[in-house]
Amino acid sequence: MNHDDFSAKILGAARDGALVLTATRRLARHLLDLYRQERVTRGRTAWLSPAIMSSQDWVNRQLVLLGDDWRVLTPAASRRLWEETIENDARSAGLDLLQVAASASRAEEAHQLLLDYRGNCGNYLLSEDHQAFLRWRQGYLKRLHERGWLDGAASTDRVLAALATGQLPPPPFLLLVGFDELPPGMSRLATLVADSNRVEILPPPRAPIAQSGSCACDDAAAEVRTAARWVRHLLGQGECRIGVVAPDLSNYRDLIDQIFLEELDPLGLLALDDMEGRFGLSLGVPLGQQGPVMAALQLLSCDREPECGQLGVLLRTPYLGGGVREEAARSRFDVALRRLRRERVPLQGLLAATGSPWALPPGFARILRELLRFSALGRKETPAFWVQHFRSVLNNVGWPGDRPLDSRDFQVVKAWEEKLLPRFASLDGICRPLDRQEAVGLLRRLALEEEFQLEMPNPGIQVCGVLEAGGLSFDHLWILGLHENAWPPPPRPNPFLPRRLQIDLGMPHADAGREAGYARMVLQRLLATAPRVVCSYPQQEAGCPLRPSPLLAGILPVAPELAPTVAPAPCLERQGAALQGCTDPGGPALPAGSELPGGTAVLRDQALCPFRGFARHRLGARALETPVTGIDPATRGTLVHTCLELLWGRVSGHAQLRLWSEEERHLQVAASVDEALARHFEHPLRVLAPAQLTIERERLTNLVNEWLTAIEFERPAAAVASFVEEEQQAEFGGLSIGTKIDRRDILADGRSLILDYKTGKVDLDDLLGERLLEPQLPIYAVGQNVDQLAGIAIGQVRRGECLLKGVAREGEIFAGIRPFAESREAGRHGLGSWAELLGRWRLRLDELGRQVLAGAAAVDPVSDKKACRYCDLQGFCRIGDRPDGSAGEKDLP
């Protein structure tokens with residue numbers, strides 16, 4: 001039967017009052033459209049609606065006629081009842097199941113199979129999992145019986161029983177359409193109706209001349225792009241009834257969505273609002289992944305101390321009140337919030353903070369106050385209560401935003417209000433009372449399970465799975481993904497039923513033989529769906545080679561006609577020769593005497609990579625900060641510096657330090673640590689949890705005591721007369737630099753030793769190499785009176801690795817600070833004296849200063865390890881686009 005005869009028979013039967021039941025709602029909609037077109041063609045302006053519907057919709061209508069619709073649990077209620085039954089069973093057995101939701105889903109499926117196939121596990125060997133399922137099922141059925149409920153699995157049997165007893169009249173003519181295999185319930189319906197009335201099972205239509213061929217592609221992406229170019233070629237030929245079928249549509253969906261848009265509607269990629277698509281996907285996306293719903297769930301899940309990232313989402317989303325009007329202010333606040341590097345931020349602290357940059361945008365302040373009120377609700381309530389409360393909160397915060405909703409967002413909000421929230425409220429009477437977080441968690445899961453399908457006019461190109469293609473016909477068809485691992489699909493027997501039972505009763509997915517037979521039947525049906533069919537498969541996936549499905553044996557390879565690609569990326573690549581290159585190694589120059597914020601970091605970044613120096617200190621480029629758990633490394637280093645600074649403020653010199661008793665030393669260290677922590681964490685947004693504060697106090701105390709023991713008390717008693725900190729201003733190559741010396745020790749002979757604290761590992765080559773990667777100490781050294789400077793040193797303050805590394809003008813000041821002329825570093829870098837070292841430092845610093853003033857900004861990192869590994873600007877400089885794929889091409893000495 002060809003397509004025209006197939007359609008004519010169905011429409012004729014519908015006109016004569018037949019009940020037409022389809023395998024899918026998609027096919028029912030298609031047939032209703034054909035019926036409407038046929039009526040309009042005949043000049044009719046009004047007509048009775050035909051009885052064309054999916055089998056499940058018909059069952060639901062019969063339950064309404066019986067007055068039993070109130071008894072039928074929604075799918076969400078049924079699933080929740082399974083979950084609570086399993087949880088109660090596990091609790092009574094003293095077990096803790098990790099995946100209750102997944103277990104409930106497979107248990108519900110096993111229950112449906114037993115009802116459909118009249119299965120009985122009594123004659124089979126049962127494992128512990130089988131026995132657990134039977135216990136769960138007994139508890140589940142008991143709850144249904146006690147409440148008089150009816151679940152979806154039993155609804156078909158209820159309707160069949162009503163037909164058998166005469167409670168419902170049988171249809172005079174039953175036509176079943178689009179079924180590859182009749183489900184057991186429909187098979188029993190056909191048998192029941194056939195006893196007194198007419199029943200016909202309509203086979204799928206067959207194309208008059210079926211020409212099929214196979215097409216091998218490199219991978220799934222190349223396969224989808226080839227199909228899209230084939231579709232565009234056909235559209236150019238004036239064809240319109242085109243189908244694309246994917247057995248594994250869920251895995252192909254994202255590729256189809258992206259690549260078909262690139263090839264069929266490349267201008268749509270640039271559109272800022274949704275456009276009506278030229279192709280229709282039968283597989284929807286989770287409602288919980290749509291923008292308005294994601295924003296609502298993020299907001300409802302906030303507690304009194306939400307995650308920083310969670311607040312960032314609320315600051316950036318346009319789906320809250322003021323999101324567009326305060327966009328710039330909220331973005332700036334998001335940046336300031338990230339700079340705290342805190343994993344969580346208290347709402348009360350945000351509302352209490354004042355002054356720049358903590359002045360909250362007024363609209364967002366109202367949202368936070370509503371969140372604070374909402375998060376204080378601690379009692380347990382029913383789902384229906386939470387639905388009303390959620391609606392109230394979202395209304396108070398201006399959800400779904402101030403801007404007009406486009407078509408997609410409008411449909412998403414409608415699905416939230418008319419599908420998701422009623423589905424959640426339907427759990428009343430089944431679900432135990434929930435606290436706020438439990439309610440939001442359950443709502444989130446339901447949102448991810450709820451399929452959202454964008455409504456749009458019927459497109460000429462249909463993209464669907466193998467089941468949705470049942471009963472449809474096309475002029476041209478492309479079948480994707482027919483490789484050996486996907487078609488036939490591997491068996492997936494239900495783990496809660498004995499496998500032998502499933503095989504004996506012919507349950508779906510029970511064994512490889514059944515899957516192969518079913519796949520062969522479906523493929524034959526698809527090959528007959530259109531006069532011209534292309535079957536394609538990828539030749540590899542994630543580096544693993546793939547072979548074609550064995551069911552493609554006998555189908556000869558074909559080279560389909562393709563339109564040239566119009567995807568933006570390949571088109572730009574083809575036009576690459578017309579682009580002009582421009583090397584711009586620098587920015588605008590600065591006048592002599594200029595000063596940039598950042599101190600010695602200006603020269604350090606310039607030495608590591610000129611582009612890094614220019615981008616950070618001239619352009620102010622920074623990556624957004626990432627929140628961390630606890631205290632970030634930069635803050636830890638700052639705390640160590642502050643502790644040591646405060647400690648030296650409590651002692652007049654090294655001699656007094658050595659006179660302290662152990663008890664007094666511990667008291668002074670503890671006081672310095674407490675003051676440092678109080679200074680840093682006094683802001684309401686920096687308040688640490690007591691446990692974190694205790695851990696950090698202990699860490700700092702131990703580290704400072706280790707430094708005193710390992711370094712300070714080991715130095716000669718007369719080595720240090722006093723401790724002095726000072727700020728200086730220096731000029732190099734015309735660039736003014738503000739500096740602050742961590743510590744200057746005045747030795748017994750009156751000369752100075754300059755110390756710089758580091759909490760990371762120390763490498764002296766960074767002070768002596770071709771580029772000054774650590775210019776801080778050289779800056780201090782060349783600015784001093786040469787006769788007064790005894791040496792420079794880096795103090796490595798690190799647990800288990802406290803030490804001093806440096807060089808002295810003459811004589812060994814302390815272990816680790818040796819005369820420079822006698823050191824290995826002097827020979828390795830070709831320097832013979834302290835004066836030569838200071839001269840080289842001056843030359844290097846002046847050169848760096850001149851580079852900064854000149855605006856030098858070449859992408860020239862000193863090395864991948866030292867400059868690029870932890871740099872946050874690689875997306876800006878695009879060094880990863882180098883032909884060799886490396887970030888840095890050299891390691892300079």
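Semi-axes of the equivalent ellipsoid for region 721-854, computed as √(5λ) from the eigenvalues of its C-alpha gyration tensor and ordered from largest down, come to 22, 18, 16 Å.
Expressed as a fraction of 2.2 N^0.38 Å, the value expected for a compact globular protein of N residues, the C-alpha radius of gyration of region 120-279 is 1.63. Using the Cβ-Cβ distance between Val687 and Asp864 with R0 = 41 Å, the FRET efficiency computed as 1/(1 + (r/R0)^6) comes to roughly 0.55.
Note: relative contact order over the chain, using C-alpha pairs below 8 Å and six or more positions apart, is 13 percent. Distance from the alpha carbon centroid of region 10-43 to that of region 395-468 works out to 30 angstrom.
Counting only DSSP beta bridges with both residues in the chain, the antiparallel share comes to about 40 percent. The overall shape of region 367-433 is oblate: from the C-alpha gyration tensor, with semi-axes ordered a ≥ b ≥ c, the ratio a/c is 1.5 or greater and a/b is no larger than b/c.
Near Gly378, once Lys and Arg are set to +1 and Asp and Glu to -1 for all other residues with Cβ below 10 Å from its Cβ, the sum equals +2. The GluC sites (Glu not before Pro) found in region 405-481 that occupy coil by DSSP, while having at most 14 further C-beta atoms within 10 Å, are Glu455.
Diffusion of region 1-85 by Stokes-Einstein, at 10 °C in a medium of 1.306 mPa s and with Rh set to the Kirkwood radius over alpha-carbon pairs, works out to 105 µm²/s. If one computes the Cα centroid of region 505-550 and of region 88-167, what distance in Å separates the two points? A separation of 32 Å, based on Cα centres. Radius of gyration over Kirkwood radius for region 800-845, both on Cα atoms: the Rg/Rh ratio is 1.03.
Across all C-alpha atoms in region 652-801, the radius of gyration and Dmax reach 17.7, 51 Å.
With the largest listed first and rounded to whole Å, the semi-axes of the equivalent ellipsoid of region 286-452 from the Cα gyration tensor are 27, 19, 13. Taking every lysine pair in the chain that is 8 or more places apart or spans two chains, those with Cα atoms closer than 30 Å amount to 22.
Heavy-atom accessible area for Tyr124, with the other protein chains in place and a 1.4 Å probe, reaches approximately 60 Å². Its residue count N fixes a reference of 2.2 N^0.38 Å for the chain, and the Cα radius of gyration divided by that reference is 1.28.
Select from region 61-127 those trypsin sites (Lys or Arg not before Pro) which occupy a DSSP coil region and have at most 11 other Cβ atoms within 10 Å, ordered by residue number. Taking region 61-127 and a limit of 11 other Cβ atoms within 10 Å, the loop trypsin sites (Lys or Arg not before Pro) found are Arg118. Solvent-accessible area per residue in the chain equals 47 Å², computed with a 1.4 angstrom probe and all protein chains kept. The apolar share of the surface of the chain, taken as the fraction of accessible area on carbon and sulfur atoms (1.4 Å probe, ligands and nucleic acids excluded), comes to 52 percent. Solvent-free Debye calculation, one equal scatterer per alpha-carbon of region 24-155: log10 I(q)/I(0) at 0.10, 0.16 Å⁻¹ equals -0.49, -0.89. Taking 0.36 nm per residue of sequence separation and removing the Cα-Cα distance, the Gln453/Asp402 pair yields an extension gain of 15.9 nm. Size of region 547-668: Rg and Dmax of its alpha carbons, in Å, are 31.4, 96. Taking the longest Cα principal axis of the chain as reference, the axis of helix 436-449 is set at about 60 degrees. Its residue count N fixes a reference of 2.2 N^0.38 Å for region 633-711, and the Cα radius of gyration divided by that reference is 1.11. In region 721-854, the DSSP beta bridges split such that about 70 percent are antiparallel, to the nearest 5.
The values are calculated or read from the model by the stated rules, or taken from the named source; none is laboratory data. Keep in mind the model is a prediction, meaning the values are calculated, not measured. All Cβ positions, glycine included, derive from the backbone under ideal geometry; neighbour counts span all protein chains shown. For the accessible areas, the whole protein counts, side chains as well, though only heavy atoms, and no ligand, DNA or RNA atoms are used. Shrake-Rupley method; radii C 1.70, N 1.55, O 1.52, S 1.80 Å.
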